1. If we scan the stretch 462-470, do we find a residue that is of a type in the set (Lys, Arg), open to solvent by 50 Å² or more (accessible area, probe 1.4 Å), assigned to a strand (DSSP E or B) and at pLDDT below 90?
2. Listed residues Arg120, Arg81; which is basic (Lys, Arg) and modelled with pLDDT of 85 or more?
3. Filter the stretch 175-187 down to the residues that are open to solvent by 40 Å² or more (accessible area, probe 1.4 Å) and under 19 Å from Gly145 (Cα atoms) and list them by number.
4. Of everything in the stretch 345-354, what is outside any helix (DSSP H, G or I) and either of a type in the set (A, V, I, L, M, F, W, C) or open to solvent by 20 Å² or more (accessible area, probe 1.4 Å) (or both)? Give them in sequence order.
5. Restricting attention to the stretch 227-260, which residues are surrounded by 15 or more Cβ atoms within 10 Å (Cβ to Cβ) and within 22 Å of Phe387 (Cβ to Cβ)?
6. Are there strands (runs of 3 or more DSSP E) fully within the stretch 254-344 with at least 3 residues that are more than 30 Å from the chain's Cα centre (by Cα)? List them.
7. Answer yes or no: is there a residue in the stretch 161-174 that is under 17 Å from Asp116 (Cβ atoms) and open to solvent by less than 70 Å² (accessible area, probe 1.4 Å).
8. Given the condition surrounded by 15 or more Cβ atoms within 10 Å (Cβ to Cβ), without any contact (Cβ under 8 Å) to a residue 40 or more places away in the chain and hydrophobic (A, V, I, L, M, F, W, C), answer yes or no: does some residue in the stretch 204-213 qualify?
Amino acid sequence: MLGRFFLFLGYLSISALLGVWVDTLWPKSHAMSIGLVIAASSWMLFDSARAGQFLNWLRLGGGAESGPVAGVWGDITTRVRRMLRDRERQTLESQARLNDFLSALQVSPNGVMLLDGEARIEWCNQTSAAHFGLDLQRDLMQTIGNLVRDPGFASYLASGDFGSSMTMPGRESSPTRPVTLSVQIHPYGDGRKLLLSRDITVLEQAEAMRRDFVANVSHEIRTPLTVLAGFVETLQTLHLEESERQQYLALMAQQADRMQTLVSDLLTLSKLEGSAPPGTDARVSVPTVMRQLENDARSLSQVLGEVDKTDHQFVFDCAFDGFLAGTANELLSAMGNLVSNAVRYTPPGGHITVSVRPCADDGLVFSVTDTGPGIAAEHLGRLTERFYRVDRSRSRETGGTGLGLAIVKHVAQRHGANLSIESTLGQGSVFSLVFPSQRVVPPAGADTATVSLSVRPDDPLSDVVATSYRE
């Protein structure tokens, strides 16, 4: 500004000197005064032109380099240009942070939706659009109440009481594949709302499974307990003959064994779910396991056999002389469950074939084929559920707990195997465990580990366990 002042004084001084010189030539011409007026006017015109150039530069957005470059207006232009650049950089940084924030919301597993004061959709992420069946382009600025027609949600939105969440079916929900959403609205700002949605289908299913599990366990234990309590009361209050007393004690022992079997299976499932997947160091001899399975199957067949009826016809075919890598007691428990189920559900005289054979991709297939009553197609998908039975009375008569196939499924998953079930009603069933090549050890490659089978009655996984050691 000081330079601008001296420049103005310079204009006036030069004009005054010119006026004095003219007055010496033409006295009384007032040239000095006229020169000062002309100098001031020239200065004002010059300064106005510079100001106009600056204003025009501002009207163009301040981005062009055509603004004043010298003097005070040049300094102002430079400073404003620097301020605009700083503001533009800050805007870009803010926009980048906003984009990062929106990108984070887009990948959120929960639905996020912004509503204005009229409950119109201002923005929502892909998850929220999938939850409510929205089109991100078409449905923006549409009223949410017109798009989500669930009565429960409409009442929740109209009530204005958003202190708690509400549940509703998702847009993709169907009777065969239900989808449950947890929805809650959070007011913010000037009448705006944040709508959060979460898919709780898995949680709902887990809670339903927990309720069913508790109910099933209670039911399974209550029946033998009721029988035991009745017999105990009978023994305490009545004078019985020795034969009757022995009969009641035998029935009580049978119910006690049933409860012990149930508890053992529950401990098995708990151990399978709570432990780490088995490694590949320990290896189980497949022929040894097959011999153990054959002995157990024939013993169970004799126990379950009826008088004057032929026992089951067994075929044990082991076409593999190698090893399986994994936990021996788990593998024996899973295979033993499949074999014992075949024995329990196949009528006396029926045929049961147990085989082990290599398959494609260097895998191994363990299969159990029976000529039992078969299983209807609608039951196949639920056979591995805990306590699920096709015929409850038949299962209890044969001593089943409803947990055997659930144990088989967990053991298969832990060893990377697949459980496949094929059945034709009235013709029989085929249960197969397909082990991957990573679990299959040929005979020549099994010289680093030795596996033996021994009886361990206290182990909840199986009556037979494997002990492995490295040479």
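1. Yes; the residues of the stretch 462-470 include at least one that is of a type in the set (Lys, Arg), open to solvent by 50 Å² or more (accessible area, probe 1.4 Å), assigned to a strand (DSSP E or B) and at pLDDT below 90.
2. Residue meeting the stated conditions: Arg120.
3. Residues satisfying the conditions are Gln184, His186, Pro187.
4. Step one: list which residues in the stretch 345-354 are outside any helix (DSSP H, G or I), which gives 346-354.
Result: Pro347, Pro348, Gly349, His351, Ile352, Thr353, Val354.
5. Answer for the stretch 227-260, where residues must be surrounded by 15 or more Cβ atoms within 10 Å (Cβ to Cβ) and within 22 Å of Phe387 (Cβ to Cβ): Val227, Leu228, Gln255, Arg258, Met259.
6. The qualifying strands (runs of 3 or more DSSP E) are 283-285, 313-318.
7. yes
8. Checking the stretch 204-213: not a single residue is surrounded by 15 or more Cβ atoms within 10 Å (Cβ to Cβ), without any contact (Cβ under 8 Å) to a residue 40 or more places away in the chain and hydrophobic (A, V, I, L, M, F, W, C).
The values are calculated or read from the model by the stated rules, or taken from the named source; none is laboratory data. What you see is a predicted model, and the numbers here were worked out from it, not measured in a lab. All Cβ positions, glycine included, derive from the backbone under ideal geometry; neighbour counts span all protein chains shown. The area values use the complete protein model at the heavy-atom level, side chains included, leaving out ligands, DNA and RNA. Shrake-Rupley method; radii C 1.70, N 1.55, O 1.52, S 1.80 Å.
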